[in-house]
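Each remark here refers to the structure printed beneath this line.
Read the figures in this text as sums done on the coordinates, not as results from a lab. Remember, it's a predicted structure, so these values are computed and weren't measured experimentally. Neighbour counts run over all protein chains shown; Cβ positions are idealised from the backbone, glycine included.
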Amino acid sequence: MTHDTLGMERIYLDYAATTPVDPRVLTAMRPYFSEKFGNPGSVHRAGQEAIAAIDEAREKVGKALGAKFREIIFTASATEANNLALRGLLRTVRGQYADKFWHKSASSQREVGVSPRVVVSVIEHESILETAKDLEKSGVEIIYLPVDKKGLVDLGKLKTALNERTVLVSVMYASNEVGTIQPIIEIAKIIADFKKNHYPLLTTHYPLLHADAVQALQYLNCDVNSLGVDMMTLSSHKIYGPKGAGALYVRRGGPATNHHPLATIISGGGQEYGLRSGTENVPAIVGFGKVAELLGEYTQEAHRVAELRDYFWVKLKKLKSKIEINGPGVMLKKDSSDLRRLPNNLNVYFPGATAEELLIKFDMAGIEASAGSACAARSLTPSYVIKELGFPEKRAKSSIRFSLGRPTTRQDLDEVLQRIKNLPA
Ligand code: PLP
């Protein structure tokens with residue numbers, strides 16, 4: 001809890017937007033702002049010190065995913081990692097299949113059905129959806145996978161979306177808005193079966209599977225091999241690390257290539273194995289490495305926040321009987337293997353009030369929550385995710401996301417409930 005200028009305790013319930021930096025992470029980062037300020041590209045000792053620190057961070061992030069050291073590409077954000085996954089892959093495809101896919105104008109490619117195909121879910125983060133839209137303009141066919149009322153992607157539609165032109169499937173591991181956990185292992189299996197049936201000689205490694213695991217990393221198993229993903233996006237500031245560091249895991253050594261399947265989208269000095277030029281943000285990368293190393297300490301955290309979240313929901317519902325939950329149900333079972341909702345997420349429909357009005361009231365009462373994703377919330381446009389679950393615009397306009405984090409306690413939630421009870425009608 002922090003206090004505002006009038007001395008009111010502020011209660012932050014927006015940990016899906018961002019998290020405070022763990023003090024141990026800050027300590028690890030600090031020397032890299034001043035004493036150890038070398039450019040990792042320099043050959044002298046200061047440069048070597050910096051590149052060694054990046055390599056150590058790469059090792060740690062890789063370890064958190066069960067990935068090899070060289071499979072981690074540091075970026076400035078998850079947004080950039082998502083852009084690299086989609087645009088970088090399509091640039092490679094353009095190079096490999098220039099004659100097949102790209103010899104016609106963008107519009108005629110679609111007509112004759114020779115454009116490469118990318119499959120994304122309709123509830124992806126904007127950094128996937130806007131990138132997909134942009135690729136669509138350059139002639140890539142995008143198939144948008146619908147979701148059900150709980151936000152789960154339609155696996156039947158996925159099966160029919162796979163054909164010999166499909167180069168990528170990108171499905172987020174867990175939704176930042178409604179917390180839905182997608183069945184990534186099942187999705188990987190569908191893709192693997194498709195490849196087995198269509199390419200028995202393994203003549204291609206397409207379609208690749210990419211998962212945006214930004215919201216999942218601290219709560220779910222993100223071992224890339226057990227999940228069966230080819231690419232995975234991460235963000236440091238959602239897991240108590242600094243802003244300015246993200247990563248893309250990119251599998252190496254697939255059946256068809258031992259190289260990264262991506263082409264760069266930022267050219268220059270060739271940092272990050274040529275995939276992301278620009279002097280590395282050493283302190284932020286060091287912080288990301290440290291936070292990845294600390295993840296193991298928090299194995300009980302998912303249970304703790306899920307219990308708190310369920311407690312909060314039950315009490316809130318008693319207080320406001322008309323409210324409804326968006327996305328999967330919340331009640332924590334002892335065996336949580338079939339749970340389909342992120343443990344820290346609660347997305348609530350408040351009939352009769354707009355999210356804007358509510359957020360202002362909450363903010364005045366010292367409660368920090370949000371409507372949808374952080375980027376959308378600034379403009380307060382109704383959540384496209386809630387609409388895609390099949391709800392009317394009205395519901396999308398009146399829904400609030402509460403997201404709990406490591407500092408959240410039961411006392412905080414009791415206090416929030418009390419303040420909501422006292423809100424003016
Ligand atoms: N993907 C998901 C699922 C997110 O929740 C977010 C942030 O809200 C992002 C991507 C973008 O992350 P970043 O802020 O690191 O660009």
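Where in the chain is the longest stretch that carries no GluC sites (Glu not before Pro) classed as loop by DSSP and with at most 15 other Cβ atoms within 10 Å? My reading of the result: 165-425 is the longest stretch. In terms of distances greater than 29 angstrom between alpha carbons, the cross-link table entries LYS133/LYS397; LYS318/LYS397; LYS68/LYS150; LYS133/LYS317 yield LYS68/LYS150; LYS133/LYS317. Close amide H partners of SER121, meaning residues 5 or more places away or on another chain with modelled amide H under 5 Å apart, are LEU145, SER170, MET172. Phi-derived couplings, Karplus 6.51 cos²θ - 1.76 cosθ + 1.60 at θ = phi - 60°, listed residue by residue for the stretch 356-362: 4, 4, 5, 5, 5, 4, 4 Hz, with x used for Gly and Pro. Taking amide hydrogens as placed 1.01 Å from N in the peptide plane, the amide H of ILE367 sits under 5 Å from those of ILE11, each at least 5 positions away in sequence or on another chain. In this simple spin-label approximation, ARG10 and ARG406 carry label points 7 Å from Cα along the Cα→Cβ vector, and these lie 2.0 nm apart.
Relative to the longest principal axis of the Cα atoms of the chain, helix 282-294 runs at roughly 70 degrees.
Charge dipole (Cα centre; +1 on Lys/Arg Cβ, -1 on Asp/Glu Cβ; no other charges) of the chain amounts to roughly 620 debye.
Distant-in-sequence amide contacts of LEU342, defined by a placed amide H-H separation under 5 Å and a gap of 5 or more residues or a different chain, comprise THR180, ILE181. Distance from the C-alpha centroid of the stretch 208-276 to that of the stretch 71-90: 7 Å, rounded to the whole angstrom. For a distance above 37 Å, tell me the whole-number percent of Cα pairs in the chain that qualify. Every Cα pair in the chain considered, those over 37 Å come to 26 percent. Shown is the FRET efficiency for VAL314 and MET364, computed with R0 = 25 Å from the Cβ-Cβ distance and rounded to the nearest 0.05: 0.45. Using the Karplus relation 6.51 cos²θ - 1.76 cosθ + 1.60 with θ = phi - 60°, the per-residue 3J(HN,Hα) values for the stretch 231-246 come to 9, 8, 9, 10, 9, 6, 6, 8, 10, 6, x, x, 6, x, 9, x Hz, with x marking Gly and Pro. Applying both filters, DSSP loop and at most 16 other Cβ atoms within 10 Å, to the chymotrypsin sites (Phe, Trp or Tyr not before Pro) of the stretch 218-311 gives TYR273. Spacing of the modelled spin labels on SER321 and SER267, each 7 Å from Cα toward Cβ, amounts to 6.7 nm. Taking the Cβ of CYS222 as the centre, find all other residues whose Cβ is under 12 Å away and add up their charges (Lys, Arg: +1; Asp, Glu: -1). Here the charged neighbours net out to -1.
Report the paramagnetic label zone for ALA425: residues of the stretch 346-370 whose backbone N is under 15 Å from a point 7 Å from Cα along the Cα-to-Cβ axis. In the stretch 346-370, the label zone of ALA425 (backbone N under 15 Å from the point 7 Å along Cα→Cβ) covers 352-353.
Based only on other Cβ atoms within 10 Å, what is the fewest-to-most ordering of MET8, MET232?
MET8, MET232
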